[in-house]
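Novice: Before anything else, here's the structure in question.
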Amino acid sequence: MDLRERSVHLARELKKNYAELTAVLIAMTRLKMFAKLGYPGVFAYCQQELELADAQCFYFQKVVQAALQVPKLEKAVTSGEISLSQARRIVPVIDKSNAQEWIEKAKELPQRELEKAVAAMNPKAAMFERLRPISADLQKLTMTLSHEVADLLRLAQELESQRTRKASSLEDTLKNLLTGYIQKNDPLKKAERAKPLDPSFPEESKRALPMPIKHAVVRRDQSRCTYVSAKGKRCDSRRWLELHHQIPLAKGGLTSERNLVTLCSSHHRHEHTTVRNRPPEGQHNAGFPGPN
């Protein structure tokens, strides 16, 4: 086999592998396997377990989500009728009612023409957000802003320049805006400012969550999901966080620091749909680390 033939062969195998991997990821999503393995979803699994590039993880995540809603898209991608690249381009516009139309366009149109057709139907589809490193200490942010948001950013830049009595760059403006926002809204920052939990604070079998207990749990768990997989990997999700009663209130569990753990919504659902051996009061489930 010469080099040309080998390159063609490898390209075909690559497309086949993408189709098969998409099918596997769809099946794993249906079986809710990612939560059990310690990952909040497709993106984290592809990034950390499969060690794929962030762009590829994003493509798989978007296509899998759409395929679960549109059976014709799932069939087209997993059979190799259209590629993962073609599929992710039509995700912003495809639904059950127009699936066949967009699958045909994905097959027939050149990439640029397909992107134009998608953008014509959904202008936001052409809006990409990306944050990537360009040097050891610099990253490049690429995004599209509405006129409203752009005007707000310019106004903030002018106000920051007035406040500091020097010309404020967009980076300086964003840094100060974000620093102030995080100080005000980050649950961990709030918890760190709060007083330590008094050991005598009452614990009750009620759903209402007193702020001192909430702050104590946030400090202990560092505002991060505490689920630990069978391989000993802790979930790294810091979004969609919820507090979970290890021993349910209906079974005598208390709204206490030791009975509450932080879970992302994916692992919270997993915990409630999986039969687990409940630990005695005051002990943490094998799936969660105990308090420090």
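Derivation of every value follows stated rules applied to the coordinates shown; laboratory data play no part. Just so it is clear, the structure is predicted and the values come from calculations on it, not from any experiment. Because the Cβ atoms are built from the backbone with ideal geometry, glycine has one as well, and the counts that use them run over all protein chains shown.
Novice: Please report the spacing between the Cα centers of region 190-264 and region 58-126 in Å, no decimals.
Specialist: Using only Cα atoms to place each centre, the spacing works out to 41 Å.
Novice: I've got another one for you. What does the extension gain come out to for Glu81 and Val8, with contour length at 0.36 nm per residue minus their alpha carbon separation?
Specialist: Length gained, Glu81 through Val8: 24.5 nm.
Novice: Evaluate 2.2 N^0.38 Å with N set to the residue count of region 185-253, then give the Cα radius of gyration divided by it. Walk me through the intermediate numbers first.
Specialist: Working: Rg = 13.5 Å, N = 69, 2.2 N^0.38 = 11.0 Å.
The reported ratio for this selection is 1.22.
Novice: Taking a quarter of the surface of the convex hull around the Cα atoms of region 123-171, what do you get in nm²? Let's see the in-between values first.
Specialist: Numbers: hull surface 18.1 nm².
Averaged projected hull area, Cα only: 4.5 nm².
Novice: Counting Lys and Arg as +1 and Asp and Glu as -1, what is the net charge of the other residues whose Cβ lies under 14 Å from the Cβ of Glu129?
Specialist: Overall, the nearby charge balance is +4.
Novice: How large is the charge dipole for the chain, taken about the Cα centre, if only the Cβ atoms of Lys, Arg (+1) and Asp, Glu (-1) carry charge, to the nearest 20 debye?
Specialist: Details: 48 positive and 34 negative charges, 97 e Å.
Its charge dipole is roughly 460 debye.
Novice: Based on other C-beta atoms within 10 Å, arrange Phe43, Phe34, Phe58 from fewest to most.
Specialist: Values: Phe43 20, Phe34 23, Phe58 17.
The most exposed by this proxy come first: Phe58, Phe43, Phe34.
Novice: Here's a follow-up. Most fluctuating residue of Met127, Met143, Met33 in a GNM of the chain with Cα springs under 10 Å: which is it?
Specialist: Top of the fluctuation ranking is Met143.
Novice: With a 10 Å radius around each residue's Cβ, average the other Cβ atoms per peptide and rank 172-179, 5-12, highest first. Provide the component values of the computation, followed by the final result.
Specialist: Numbers: 172-179: 14.5, 5-12: 10.4.
Going from most to least packed, we get 172-179, 5-12.
Novice: Let me ask you something else. When Tyr181, Tyr59, Tyr39 are ordered from fewest to most other Cβ atoms inside 10 Å of their Cβ, what list results? Show your work: numbers first, answer last.
Specialist: On the way: Tyr181 10, Tyr59 22, Tyr39 26.
Final ranking by Cβ density, sparse to dense: Tyr181, Tyr59, Tyr39.
Novice: May I pose another question? I'd like the Kirkwood hydrodynamic radius of the chain, using the inverse of the mean 1/r over distinct C-alpha pairs, in Å. If you can, show how the numbers build up before the last one.
Specialist: Values: mean 1/r = 0.0434 Å⁻¹.
Evaluated on the chain, it is 23.0 Å.
Novice: May I ask for the equivalent-ellipsoid semi-axes of region 3-126, computed as the square root of five times each C-alpha gyration tensor eigenvalue and listed largest first in whole Å?
Specialist: Numbers: eigenvalues 107, 78, 36 Å².
Result for region 3-126: semi-axes of 23, 20, 13 Å.
Novice: For a quick check, take a GNM of the chain with Cα springs below 10 Å and name the residue from Ala117, Ala208, Ala76 with the largest mean-square fluctuation.
Specialist: Sorting by GNM fluctuation, first place goes to Ala208.
Novice: While we're on this one: Mind checking the full-extension length gain between Lys36 and Met121? Use 0.36 nm per residue of separation minus the Cα-Cα distance, one decimal, nm. Write down the numbers at each step before the final one.
Specialist: On the way: separation 85, 0.36 × 85 = 30.60 nm, distance 3.83 nm.
Net length gain for the segment: 26.8 nm.
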